[in-house]
Each structure stands twice: as structure tokens, then as C-alpha cells.
1. Please list, ordered by first then second residue, the pairs with beta carbon atoms under 6 Å, 6 or more apart or interchain, first in region 134-158 and in contact (Cβ under 8 Å) with a residue 40 or more places away in the chain, second open to solvent by 70 Å² or more (accessible area, probe 1.4 Å) and not in a helix (DSSP H, G or I).
2. Pull up region 235-281, narrow it to residues that are of a type in the set (D, E, K, R) and not in a loop (DSSP other than H, G, I, E, B), then point me to the one that is modelled with the highest pLDDT.
3. Within region 102-120, restricting attention to residues that are within 14 Å of the chain's Cα centre (by Cα) and surrounded by 18 or more Cβ atoms within 10 Å (Cβ to Cβ), which residue is nearest to residue 160 (Cα to Cα)?
4. Counting just the residues of region 144-193 that are open to solvent by 80 Å² or more (accessible area, probe 1.4 Å), at pLDDT below 80 and among the hydroxyl-bearing types (Ser, Thr, Tyr), which one comes out farthest from residue 279 (Cα to Cα)?
5. Against the definition (in a helix (DSSP H, G or I), of a type in the set (A, V, I, L, M) and under 24 Å from residue 148 (Cβ atoms)), how does residue 184 come out, yes or no?
6. Would you point out the residue of region 224-261, among those that are more than 24 Å from the chain's Cα centre (by Cα) and of a type in the set (D, E, K, R), that is most open to solvent (accessible area, probe 1.4 Å)?
7. Within region 215-223, does at least one residue satisfy the condition of being out of contact with any Pro (no Cβ under 8 Å at 6 or more places or on another chain), open to solvent by 70 Å² or more (accessible area, probe 1.4 Å) and of a type outside the set (Lys, Arg)?
8. Looking only at region 209-234, filter to residues that are at pLDDT 85 or above and among the acidic types (Asp, Glu); which one of those is nearest to residue 257 (Cα to Cα)?
Amino acid sequence: MMLSNTGTVSLILYAALIGIAIIGLIIAVKNLKDKTIELERLDRMIDLFKYTIVSIAIATVTLIITDLFKEREQDVKELEYFDKYAQDVKKVDGLEERFQLSRYLMIVAPNGELKKSWKEYYDTLKIEHANYLILKEKSKALDTIINPTPAQKIEKAKVNELIEQKESPLVSVSTSLILPRAYLHISSEDQRGQANVLQTVLQNENFQVPGIENIGKRGDRYIPAKTEIRYYRAEEFSEALRLFNIVRSQFPNLTMSPAPVKIPGNGRGTRPGHFEVWLSK
């Protein structure tokens, strides 16, 4: 494997020539000391030896320089190859497609750092892909429940949201192109009719509204004292404020918090554009 690299071969040859030169020098000195060879003949041998060593050394250095240029050219080609397929990976829609593409490229990539890079990328995706398959199975199991509880509905929404994130392209879509999503929470069934109207209004305002959950069934401690508009990312305050004004105009008799409520954590575990409406009594 080591001899497949021409640069390494050149280095070995150069080291061998240096070794031969040292051995020849030792032999010449020994013969001089022992006087086992005539001085004139020794001079001719040394001249021949120098000519041979210099000629081979020049050829070796030339070979090394040529190899350096070839390896440089090969590195450039590998970078172009890597960049081409890296762009393809970013364009692939979803984790499943990226996983299959990385497995293919890990196999067909030339030996060396490039193959190693694709192998490392494949190993990373392999773990994420396994988690993705678990989520898919969990989603199927939740779909088989005929009359899901509110907790199961919330769990299903969260699982589907995680699946959606994993199935999205690697290149992030501008948040301005993602429809904001508002989750509606009512404090009693008496508010469901109004919440249905609010759902329609929000949909007309380009909000996604997955459903309406009755939080009063969990107990009074879950019901806020004032109607709250909750958001998770500081940069989404303006959108939260727009939602706040829509709800206030739709429910003029409700007591609302003075402003949208920022939830700590900077949106961890939620998609961009995630908002919640919690109605008080």
C-alpha cells in the first residue's frame, strides 16, 4: 500500500542513494588506509562513483518534483470531485436520500483522505438515520390509535415535526419562506367555537394551525391567568406581535398579557416559526 504513492517511492530511492554514497565513502576510506588499491585506480573509481551518484540523484530529484506536481494535480481533482458531490448532498431532499448517497460515495470514492471523509460522513448519518427510522415507527404506532388522548396528540405532533425536520433539505430554507405555525390551547370546551373561528382567521393570515387542544382537562394550574402568545426565538418577536394583535382583535373580552411571552431556551426542540396561543378563562 505504501508503494502505491509515487512520492513515497521517490523518497525511499533518494534515501537508498544516500546510503549507497555513505557505504561507498566508507569503502574508499578503508581501502586508502589499508593501501589495498592503487591511488590512480581509486581516483577513477571515485570519479565513476560520483558520476553515477550525481546522475541518479538528479534523476531522483526530478522524479520527486514531478511527483509533487502530479500529487498536487490529483489533490485539486479530488477537491473538485468532493465539492461537486458535496453540492449534490446539499441538494438532496431528506435524510434518507443523503444516507443512501453517502453510502454510495463511500464505496466508489478513491482510496485516501477523500474515501475516509465520506466514510466519516456516512458513519455520522448512520446514527441519525437509525433515529429517523425509530421516529417513523413511532409515528405509525400513534396513527393506529383510533381515539388518541390529548397527550398522544401532542406527542404525535412532536414526532411528526421531528420527522419533518429530518426529511427537509440540508440547506436551510429562509425562515421568511416557512409558514409560521400556531398551536391553539383553550381553557374549556366553551371556547372551542371561538377557537375554530380564530383558526380560520389565522389560516387566512398565512399561519399553519395544526389543531386545538383543551388544556383545562389537565387542571387549572395549566391555564394562564391572562391569555398568552408564546414564542421561542428572539428574532421572531415581530411575528409573535402580529399574532398577538390578531388574537386581541378576535377576543376583545379576554384579558391578555401586556406583550408576547418569550419562552427560555431559544427554540430548542421546535421548528422555526413555532408559536402558541394559550387562552385564559
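1. That search, which allows pairs on different chains as well, returns 157/210.
2. Among those residues, the one meeting the criterion is 276.
3. So the residue we want is 102.
4. This residue is 172.
5. On the way: in a helix (DSSP H, G or I): no; of a type in the set (A, V, I, L, M): yes; under 24 Å from residue 148 (Cβ atoms): yes.
Criteria not met by residue 184.
6. Across region 224-261, the extreme among qualifying residues is 248.
7. So far as region 215-223 goes, yes, one or more of its residues are out of contact with any Pro (no Cβ under 8 Å at 6 or more places or on another chain), open to solvent by 70 Å² or more (accessible area, probe 1.4 Å) and of a type outside the set (Lys, Arg).
8. 228
The values are calculated or read from the model by the stated rules, or taken from the named source; none is laboratory data. Nothing here was measured: the structure is a model prediction, and the numbers come from that model. Backbone-built Cβ (ideal geometry, glycine too); neighbour counts: all protein chains shown. When the accessible area is computed, the model is the full protein with side chains, heavy atoms only, and any ligands, DNA or RNA have been set aside. Shrake-Rupley method; radii C 1.70, N 1.55, O 1.52, S 1.80 Å.
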